[in-house]
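Please treat every number below as a calculation from the coordinates, not as lab data. Note that the structure is predicted; figures quoted are calculated from it, not measured. In this analysis, Cβ positions are derived from the backbone assuming ideal geometry, glycine residues included, and neighbour counts consider all displayed protein chains.
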Amino acid sequence: MKKIYFKEEYCMACRLCEIACLVAHSKSKKIIKAYKEEFPGLTPRLIIEQKGSLSFAIQCRHCKDAPCVEACITGAMKRDKKTGVVSHDKEKCIGCWMCVMSCPFGVILMDIKEKKVATKCDLCADVGSPACVDACPNEALVYKESEKV
Amino acid sequence: MKMKEKIVIIGSSVAAISAIESVREKDKNIRLIVITKEKDLFYSRPLISYLNISDKQFYYRDKNFYKKNNIELIFDSAISVENDFVVLRSGKKIKYSKLLIAVGGKPIIPSNISGITGKNVFTLTTKDDADNIKKFCKNQKHAVVIGCGMIGIKAAEFLKNLGLQVAIVELAAQPFASVLDDKSGKIVADEIKKHAKLILNNSVYEIKENQCILKNGEKIPADIVICAIGVAPNLDIAKKSQIKTNRGIVVDEFMRTSRKNIYAAGDCTEALDILSGKKMPIPIWPVAFRQGSVAGSSMLVGNVKYAGGFVRNSVDVFGLPLITLGLSNDKSGEEIVFSDEKSKVYKKVTVKDGKIIGAIFVGDISRAGIFTGMIKDGIDVSNFKNEIFSENFGYIYVPKEFRSKEVTPIEI
Ligand SMILES: Cc1cc2nc3c(=O)[nH]c(=O)nc-3n(C[C@H](O)[C@H](O)[C@H](O)COP(=O)(O)OP(=O)(O)OC[C@H]3O[C@@H](n4cnc5c(N)ncnc54)[C@H](O)[C@@H]3O)c2cc1C
């Protein structure tokens, strides 16, 4: 399957990926409108980490034996055996945070705007290609085939 | 496997479901028979006490799961295993070539409380329990929950949402006594007290029709009592079938029991706990899932190992999020603490010999999974332990050798 990978040596922590992610997951998908109308309520699906001169953006790794899928008590977190994509169904989720407890990358976030639900990278399923990768000016984020599914 | 071979699974909860998925991933044809004594399939046990959830949330697999996976279902109780067949309550015998016991746990019922067998006393571990409690609670006012652990809290919330006034009686000095330390115990206790009466350092001595008498003589009103002092592995079948048991059914890393061709998974087992290095029951959902999955592939090919697990849980205590990991109340390690009393946030990581052995998160549980991962992988945190609660802390602290493996294109 195709996954997002980061090259930490190229990341400048410019945070453009974060903005692209927010906008891509907003209702309008337009930056000004999204910030005007939805801003404090927007949750990015990736996390930018920084330590000294090192930085990277990290999001769901779509693990094979995904700990979040194992831990999910509603079946909201699922892995498609054919594509390898780990997806999350908001309507099934009850916000028990078992997935938050389980994800070793810490990339499952809590969306508590309306009802409590987990949220995470969906590879921009409805757009085609991940917005964070498209936005990265330095190719620190790449979207490419992993070796196995 | 030859066509005439068949896998029989006793139980149809999460360990069983995950075993089925793992078998079917590798073999679409082998016969799979599931024996279950519960009528209702694929409901999520942890959700039985939730009132306002949809069927879509309550059932974690869709209704066609058994059909799609070509499962033969038998609604009956398994009693024992003789030679190579399972004996059912109805007297029927089911032949197997591989058998998986996934019968879960049973609520512990203290024998020293008089009145514990009364009609107003319930346990809360099945959908039927929850339904019966709902029925019984109509027009009732006062409830008592015995035990302030995970199920006790869920029971208290359940009763509260059903409109009753709830008192929780706990033997220990604080809620979740085995996993919380004094400080987190106090925050959690204060939160509980806003919603229910919390009686600590006490126990129920006698249950009457409308009241409980406590050890110290105090009497509290109780139209209904839920006993939630814990669950123990269900050893009924194993004990009748010469399968080695200790506190749970003893299994090896392939989920094999002491009897040839018989496997066990989930709450009924005792498997490796990576923190103590010993075998012990770890009755939590993710462990049952993983063990079921390992058992499933073991029954076919036998090359996937169970790496061991450790206790962890995520609970919502009347709206206050709480996660505990591992030996969270072990006092022998070095404690790294972050606490902010005003916002009810308390976080602690316990480090021993350079490694994290336990953690507590109250009020702020974000990214707690990073610690779960560090415990699982036994990562040496000596170099950065003082930065664990700094603002920049994150996955970036995982040593590069480790990190690069996970984020470059290889399957993990
Ligand atoms: C109220 C409650 C809340 C919980 N909340 C959480 C939580 O938030 N997080 C978490 O990690 N865990 C939680 N748990 C624990 C979790 O539900 C269990 O770890 C998990 O269900 C274990 O799965 P299992 O498949 O091993 O067994 P079980 O779910 O116990 O299922 C065993 C099945 O076997 C059947 N069975 C038993 N004996 C026989 C027989 N002789 N013949 C045929 N069938 C039989 C039973 O009817 C049952 O359906 C909770 C448990 C309860 C009760």
So for chain A, taking the charge dipole from beta-carbon charges (+1 Lys/Arg, -1 Asp/Glu), which of A:Ser129, A:Pro40, A:His88 sits furthest toward the positive end? A:His88
Taking B:51-61, A:120-130 and ranking on average Cβ neighbours within 10 Å, highest first, one gets A:120-130, B:51-61
State, as an integer percentage, the relative contact order of chain B based on alpha-carbon contacts under 8 Å between residues 6 or more apart. 14 percent
Rank these for me by crowding, B:Asp380, B:Asp190, going from fewest to most other beta carbons within 10 Å. B:Asp190, B:Asp380
Considering only the other residues whose Cβ falls under 9 Å of the Cβ of B:Gly104, what net charge follows from Lys and Arg at +1 and Asp and Glu at -1? +1
Identify all aspartates and glutamates with a Cα-Cα distance to B:Lys193 below 15 Å; exclude those on the same chain that are fewer than 8 residues away in sequence. B:Glu157, B:Glu170, B:Asp316
Please identify, among B:Leu47, B:Leu99, B:Leu272, the residue showing maximal mean-square fluctuation in a Gaussian network model of chain B using a 10 angstrom Cα cutoff. B:Leu47
Other chains near A:104-113: what is the mean number of their Cβ atoms within 10 Å of each residue's Cβ? 5
In the structure shown, of B:Lys305/B:Lys352; A:Lys78/B:Lys183; A:Lys29/B:Lys56; A:Lys81/B:Lys127; B:Lys39/B:Lys279; B:Lys37/B:Lys63, the pairs separated by more than 25 angstrom at the C-alpha atoms are B:Lys305/B:Lys352; A:Lys78/B:Lys183; A:Lys29/B:Lys56; A:Lys81/B:Lys127; B:Lys39/B:Lys279
Of the options B:Ile199, B:Ala238, B:Gln211, report the single residue whose Cα projects farthest towards the positive end of the charge dipole of the stretch B:197-243 (beta-carbon charges: Lys, Arg +1; Asp, Glu -1). B:Ala238
Straight-line reach from B:Lys93: which aspartates and glutamates have Cα under 20 Å away, leaving out those fewer than 8 places along the same chain? B:Glu5, B:Glu38, B:Glu72, B:Asp76, B:Glu82, B:Asp84, B:Asp236
Unit charges on C-beta of K, R, D, E only; dipole of the stretch B:330-407, Debye: 140 debye
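For B:Thr36, B:Thr117, what's the fewest-to-most ordering of other Cβ within 10 Å of each Cβ? Spell out each step's value before the answer.
On the way: B:Thr36 21, B:Thr117 10.
Fewest-to-most ranking of B:Thr36, B:Thr117: B:Thr117, B:Thr36.
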Among the GluC sites (Glu not before Pro) in the stretch B:282-376, which ones are in a DSSP loop with at most 15 other Cβ atoms within 10 Å of the Cβ? Mind listing them? B:Glu341
If each part is reduced to its alpha-carbon centroid, the stretch A:38-60 and the stretch B:55-82 end up apart, in Å, by 41 Å
Within 10 Å of each Cβ in A:90-99, how many Cβ atoms from other chains are there, averaged over the peptide? 6
Dipole magnitude of the protein assembly as shown, debye to nearest 20 (Cβ charges: Lys/Arg +1, Asp/Glu -1, about Cα centre): 1640 debye
With charges set only on the Cβ (+1 for Lys and Arg, -1 for Asp and Glu), what does the dipole of the stretch B:121-227 come to about its Cα centre, in debye to the nearest 20? 300 debye
Post the alpha-carbon centroid distance, the stretch B:22-42 to the stretch B:310-387, in whole angstrom. 37 Å
Restricting to Cα pairs under 8 Å and 6 or more apart, the percent relative contact order of the stretch A:62-120 works out to 29 percent
Taking chain A as a Gaussian network, Cα atoms linked when under 10 Å apart, which of A:Cys132, A:Cys60, A:Cys14 shows the biggest mean-square fluctuation? A:Cys14
At 20 angstrom or more along the helix axis (alpha-carbon based) and mean Kyte-Doolittle of 0.0 or higher, what helices does chain B contain? Whole DSSP H runs only. B:285-300
Can you pull out the trypsin sites (Lys or Arg not before Pro) in the stretch B:68-134 whose DSSP state is coil and whose Cβ has at most 11 other Cβ atoms within 10 Å? B:Arg89, B:Lys119
Set A:Lys115/B:Lys138; B:Lys95/B:Lys244; A:Lys92/B:Lys68, cut-off 26 Å on Cα-Cα distance; pairs above it are A:Lys115/B:Lys138
Going fewest to most other Cβ atoms within 10 Å around each Cβ, A:Arg61, A:Arg45, B:Arg403 line up as B:Arg403, A:Arg61, A:Arg45
With eigenvalues of the C-alpha gyration tensor scaled by 5 and rooted, the stretch A:62-120, Å: 18, 12, 10
So which GluC sites (Glu not before Pro) in the stretch B:1-35 end up in coil per DSSP with only 16 or fewer other C-beta atoms within 10 Å? B:Glu5
Mind checking which of B:Lys39, B:Lys260, B:Lys342 has the largest fluctuation in a GNM of chain B, springs on alpha carbons under 10 Å? B:Lys342
